[in-house]
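Data first, discussion second: the structure below is written as structure tokens.
The values are calculated or read from the model by the stated rules, or taken from the named source; none is laboratory data. Everything numeric here is computed off the predicted structure, so don't read it as measured data. With ideal geometry, Cβ positions are generated from the backbone for all residues, glycine too; neighbour counts draw on all protein chains shown. Accessible surface areas use protein heavy atoms only, side chains included; no ligands, DNA or RNA. Shrake-Rupley method; radii C 1.70, N 1.55, O 1.52, S 1.80 Å.
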Amino acid sequence: MPQTPVSSFRSKLKEWIHKAGGILAPPFEVCSYCRSHTRAQPNELGLCEACFSQIPWIINVECDRCGRAEQCPDCTRRQETYFVRNRSAVKYDSVMKDLLALYKYRGDERLQTIFSTMLVHAFHLLLQSEKLSIEDFRCITYVPVNEERLEERGFNQAERFASGLANKLRLPVRCTLIRTRNTPKQSFKTRQERLSDLQDAFALHPSLYDDPLWLDNPSQRPMKVILVDDVYTTGSTLNQCSRLLASYRNAQVYGLTWAR
Ligand SMILES: [Zn+2]
Ligand SMILES: [Zn+2]
């Protein structure tokens, strides 16, 4: 019997998670998201079927640069792009906003596994775009959060998503960037103000300068690095972080963001 697009996507997702060395979520009784009771049936993410079916997966990429599923004015407008590509797992709709807010509030491990498992899908979109394989990448890193927000929340979600993904892909994870100053919440600012705020908001982490992973590069080929963040909005944050990493030992940065 022919598979529907959704069922074929789901079997692919299962296959990717297996390939990445991840195991499917164990049988569960309560959905991690809506907390409804459900029959103990393994599911890719530990969600009930109703919640799983609401996930707006990005399956067809429209913008090859940023991985958006629609036409993309941001990439055409950007003057210089320092990352090779970005891929995101899902569209950032109201359900996904709610899921992220819930994670920021609860911070629990079951929810965290959902995000890093979803990132495996984004990673496969990336592999497809350039005929790459896991071995092509040297390490995974993440966008740092400012201290104020770290104190508020107690954790950096990008760091946690990166660690979860690194586990699944069996790649090393590195802290490569720091925030040099706290950027104010961006929502009330104009595009120009946001960009100049970001210019000097990051710096390379001092540990990078004596990390053998970065220093030993026998092949002398540019190092491919995965940079993880939670949400890709205009790409400015990813671009600024990539600019720094690319300036050091000629790294090639690939963005993986959970939502776009
Ligand atoms: Zn549910
Ligand atoms: Zn784009």
Antiparallel as a % of all DSSP beta bridges within region 56-259, to the nearest 5?
15
When the helices in the chain are scored as -39500 (n - 2.57) per DSSP H run of 4 or longer and the sum is shared across all residues, what 222 nm value do you end up with, to the nearest 500 deg cm²/dmol?
-12000 deg cm²/dmol
How much accessible area per residue does the chain have, counting only protein heavy atoms and a probe of 1.4 Å, in square angstrom?
51
Express in nm, to one decimal, how much length is gained between E15 and R77 on full extension, taking 0.36 nm for each residue of separation and deducting their alpha carbon distance.
18.6 nm
For region 61-131 the chymotrypsin sites (Phe, Trp or Tyr not before Pro) that pass both the DSSP coil test and the at-most-10 other-Cβ-within-10 Å test are none
Expected unfolding gain across R249-D136 under the 0.36 nm per residue rule, minus the alpha-carbon gap, is 39.1 nm
So E109 and V30, fully extended at 0.36 nm per residue minus their Cα-Cα distance, gain in nm 27.0 nm
Radius ratio Rg over Rh of region 56-259, counting only Cα atoms, Kirkwood formula for Rh
0.93
Counting other Cβ atoms within 10 Å, keep those with at most 12, restrict to DSSP loop, and tell me which GluC sites (Glu not before Pro) in region 36-125 are left.
E62, E70, E80
Name the residues whose placed amide hydrogens come within less than 5 Å of the amide hydrogen of N86, ignoring near sequence neighbours (fewer than 5 apart) on the same chain.
C66, G67, G255
Leaving out ligands, DNA and RNA, and with a 1.4 Å probe, what % of the accessible surface on region 89-188 is carbon or sulfur?
47
So which of K97/K224; K104/K131; K14/K168 end up more than 24 Å apart, counting from Cα to Cα?
K97/K224; K104/K131
